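A quick write-up on the structure given underneath.
All of the numbers you see were taken from the coordinates with simple rules; none came from a lab. This one's a predicted model, so the numbers in the text were calculated from it and none came from an experiment. Note that we place each Cβ from the backbone using ideal geometry, even for glycine, and neighbour counts take in every protein chain shown.
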Amino acid sequence: AEILLKDREKLASIGQIVAGIVHEVKNPLTSVKGFLQLLKESQPHPYLNTMEAELEKALETMQNLLHVSKPDLHEEPFVPIDLCKELTALLFLFQEKLYNVEIEWDLRDSERKVVGKRNLFLKAFFNLVKNAIEAIEGIQGKGKIRIEHYYKSGRIHIKLSDTGVGISKDKLKMLGTPFFSTKSEGTGLGLTQVFTTIHKHGGDISVKSVVGKGTTFHVQLPVK
Ligand code: ADP
Ligand code: MG
C-alpha cells in the first residue's frame, strides 16, 4: 500500500499531465450533460437516461483522476467535521438503494471533531462504502456492512466491515496504488483517494481481509 518516494515523484509529473487532460475533457462533458438534461425535459426518451448514466460514469472517473493527480488543487478550507454525523447521513442515502446489502451502524453525533476538508472525507467514505457494496455484489447473495467507532488516545477509530468477496494476500499489498483494480469496470482510483485523504489529515488506515469471508477497513484520525 505504500508508494515509494521515487514512484511518488514519477506520479507527480504524470499527475500534471493527467490534470490538464482532465480539465479539457471535463468541461465539454459537463456541458453535454447539461444539454442532455434539457433535452430530457422537452423530449423524454429512454436512451437519454442511459446516456446520462454513462456520462455520469465518465465524469466520476474524471473527478477521481483529478483527486489523485492533483490533490492540492482542491482549495477547500479546513473545518471541524463530525465524522459520525456525516457518515450517518451518507449511510442513509446508500441504504435506500440497496436490496441485498444490509448496513448496520453504531454511530452517534459527537463533539469530537476531525479538522479537515469535508468533501474529501465525504468522498473517501463514499468510496469505502461503495467498495464494500461491490464486494458483496461479488458474492451474488445477501451480505452485511457494519460500521463501528470508538475513541482512543485523541483519535477516532472507524471500522468498516463487509461480508463480501475478500482480498487475497498478494492483492492486499496493491491497495492504494493508482489504477489497481480487479473489477471489469473499475478505475482503481477510489482507494488511492481514500489513502491520500486519510494520510493528509494525519490519520492512518489498515486493512484485514479473508477471501470468501470479508474485509475490514480500520481508519483512525486525530480529533479535537
Ligand atoms: P475500484 O473500486 O475502481 O476497482 P478501488 O481503488 O476503489 O478501485 O479499489 C481497488 C481494488 O481493491 C478493487 O478493485 C478490489 O479488488 C479491492 N477492494 C477494495 N475494497 C474492497 C472490499 N471492501 N472488498 C474486497 N475488495 C476490495
Ligand atoms: Mg472503488
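Can you find a residue that is in contact (Cβ under 8 Å) with a residue 24 or more places away in the chain, of a type in the set (Phe, Trp, Tyr) and within 15 Å of ligand 1 (Cβ to nearest atom) anywhere in region 120-134?
Yes, the conditions are met somewhere in region 120-134.
Go through (1) surrounded by fewer than 20 Cβ atoms within 10 Å (Cβ to Cβ); (2) among the polar types (S, T, N, Q); (3) more than 26 Å from Val114 (Cβ to Cβ) one by one and return the number of the condition Ser153 breaks.
Tallying (1) surrounded by fewer than 20 Cβ atoms within 10 Å (Cβ to Cβ); (2) among the polar types (S, T, N, Q); (3) more than 26 Å from Val114 (Cβ to Cβ), Ser153 fails exactly one: (3).
Counting only residues that are more than 9 Å from ligand 1 (Cβ to nearest atom) and part of a loop (DSSP other than H, G, I, E, B), how many does region 169-203 have?
Selection size over region 169-203: 5.
Any residue in region 210-221 that is touching a residue at least 40 places away in the same chain (Cβ under 8 Å), outside any strand (DSSP E or B) and within 14 Å of ligand 2 (Cβ to nearest atom)?
no
Would you confirm whether or not region 151-158 contains a residue that is within 16 Å of ligand 2 (Cβ to nearest atom), under 28 Å from Leu65 (Cβ atoms) and of a type in the set (A, V, I, L, M)?
The answer is no; no qualifying residue exists.
Can you confirm whether Thr192 is out of contact with any Pro (no Cβ under 9 Å at 6 or more places or on another chain), surrounded by 16 or more Cβ atoms within 10 Å (Cβ to Cβ) and of a type in the set (Ser, Thr, Tyr)?
So Thr192 fails the test.
Of the residues in region 102-143, how many are part of a loop (DSSP other than H, G, I, E, B) and either within 16 Å of ligand 2 (Cβ to nearest atom) or under 16 Å from the mean Cα position of the chain (by Cα) (or both)?
Matching residues across region 102-143 total 2.
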